[in-house]
1. Given the options Pro400, Pro315, Pro367, name the one that is over 25 Å from Val289 (Cβ atoms), in contact (Cβ under 8 Å) with a residue 40 or more places away in the chain and buried (at least 18 other Cβ atoms within 10 Å of the Cβ).
2. Looking at Leu243, Leu229, which is the one that is under 16 Å from Leu148 (Cα atoms), aliphatic (A, V, I, L, M) and in contact with a Gly (Cβ under 9 Å, 6 or more places away or on another chain)?
3. Of the numbered conditions (1) at pLDDT below 95; (2) of a type in the set (A, V, I, L, M, F, W, C); (3) within 27 Å of Gly236 (Cα to Cα), Leu283 fails exactly one; give the number of that condition.
4. Strands (runs of 3 or more DSSP E) wholly in region 344-422 with at least 3 residues that are in contact with a Phe, Trp or Tyr (Cβ under 8 Å, 6 or more places away or on another chain) and either closer than 20 Å to Thr317 by Cβ or among the aromatic types (Phe, Trp, Tyr) (or both) - which ones?
5. Examine region 105-127 for a residue that is charged (D, E, K, R) and farther than 21 Å from Leu178 by Cα, and state whether such a residue exists.
6. Under the condition of being of a type in the set (A, V, I, L, M, F, W, C) and buried (at least 17 other Cβ atoms within 10 Å of the Cβ), which residue from region 377-397 is farthest from Asn115 (Cα to Cα)?
7. Which pairs have Cβ atoms under 8 Å, sit 6 or more apart or on different chains, and link a residue in region 71-92 that is under 30 Å from Glu110 (Cα atoms) to one that is among the basic types (Lys, Arg) and part of a helix (DSSP H, G or I)?
Amino acid sequence: MPSAIRITPTLLLALASSTALADGDLMTRSTLTGDWGGLRHQLEEDGVKFTGDYSGETAYNAHGGLHRSARYSQNLKLGVQFDLSKLYGLDNGGKVQLTINDRRGNSASEDLVGNRLPIQENFGGLYTRLTELSYERTLFTPALNVKLGYMAMGNDLGGLDSGILCNFMNAGFCGHPLNMSGGSGWTNYPNAHLGVRVKYDLSPSWQLRVAAFNVDPESNGNSSRAWHLGPKHTTGTVVPVELVYKLQGELPGEYKLGYYYDSSDVKRIGSDEEVSGRGGHYLLVDQAVWNDQGLPGRSLHAFGQYSASSKAASPFTRWYGAGVVLYKPFAGRPKDTVALGYGRAVPNPRSRDVLEDAAFNAGEQFPDIDSAEQLVELSYGYQATPWLNLRPDVQYIIEPGAFSGKDIDNALVVGLQVKATF
């Protein structure tokens, strides 16, 4: 396995300084490392595109939870895309994507608060791994796009294409409803499996997405399987179907309705019996509700999330999320954002029964806690340069012990997310 790659803010500054003179103004170029003296642009014209980004998230528990302290986590992603049409002069040759990912750090949720929804969306799977090796092209008609290989199904399904949800730092918002991956073989970045994804444009506004992915719990999150494309122990296949509607016009919107089914046999929660298959459904919405006619680019978007999963096998059965994002809050800050969101994760009643029974058998009193973990998050995205975003963040966690059956005080967490594009 390749040695781990560690990127820190100090190293980022060193990289920027080393390329500042060669590639022009550090503050205005689109990426941290610039155009490499023109080589980067030339390679992309020839069919080889390099990408990379870093995110660092620091969270401090200021009140409640388990402990007063801070935790830091980071994610590094490096990729290269090969355009076979450009490289070999092919007609519709397609593209090959190779991506490598590395994560390091510590969890504020596990160490400081004791809640279920990760306060830092980039925490988890702390090792270097292959996250994608895929081939993508249109097939038969420009309306039909096919992608197959080793990849995370959540890259193309289960989230909003607009990226509105990653104006937040908590994984409950940024990415996908977590009961999808928690209660089935669904995999979100950076966890990947073998699979195929199909997109078909029914019209300019409507699109159908269907996929099939191998389910292999023994490889998911296992560092010894970081570079193995093939499964270790297949339990079934997960098949998501998603209908997408893109509303055009002055107030654009995005609507997704999805269903997924995992054919794996798994143990029923609170029982030694197995259940054959598990599934769920979801609805995701991003709708512009206001545009400032006097200041182009300033707009207010509202979003909503609802997902429900198998009561037999999912740790939490429902997720509700809603909020607003203001783009261009100030005339002089065209790329900044202000985001406010509320989320509610409902534990499976079967899981709660298991916790209550365990407390009773141990002669302990089960705490009088709410039926759900709740989250309120406020963030400000400050686009310092085209390649650097700084996001101060405040999260208030209500009933952090709802999933563990522990009486934990509500927690107030302040944080900072740093994102840089190489």
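The values are calculated or read from the model by the stated rules, or taken from the named source; none is laboratory data. Predicted, not measured: the structure shown is a model, and the values here were computed from it. Heads up, the Cβs are rebuilt from the backbone with ideal geometry, glycines too, and the neighbour counts pull from every protein chain shown.
1. On the way: Pro315 fails: buried (at least 18 other Cβ atoms within 10 Å of the Cβ); Pro367 fails: buried (at least 18 other Cβ atoms within 10 Å of the Cβ).
Of Pro400, Pro315, Pro367, the one residue that is over 25 Å from Val289 (Cβ atoms), in contact (Cβ under 8 Å) with a residue 40 or more places away in the chain and buried (at least 18 other Cβ atoms within 10 Å of the Cβ) is Pro400.
2. Leu229
3. (1)
4. Numbers: elements: 373-385, 388-398, 411-421.
Filter on region 344-422 gives 373-385.
5. Taking every residue of region 105-127 in turn, none turns out to be charged (D, E, K, R) and farther than 21 Å from Leu178 by Cα.
6. Trp387
7. none
Conditions tested, residue by residue: (1) of a type in the set (Ser, Thr, Tyr); (2) buried (at least 17 other Cβ atoms within 10 Å of the Cβ); (3) touching a Ser or Thr at 6+ places or on another chain (Cβ under 8 Å).
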residue	(1), (2), (3)
Ser134	yes, yes, no
Phe140	no, no, no
Asn145	no, yes, yes
Tyr150	yes, yes, yes
Gly159	no, yes, no
Ile164	no, yes, no
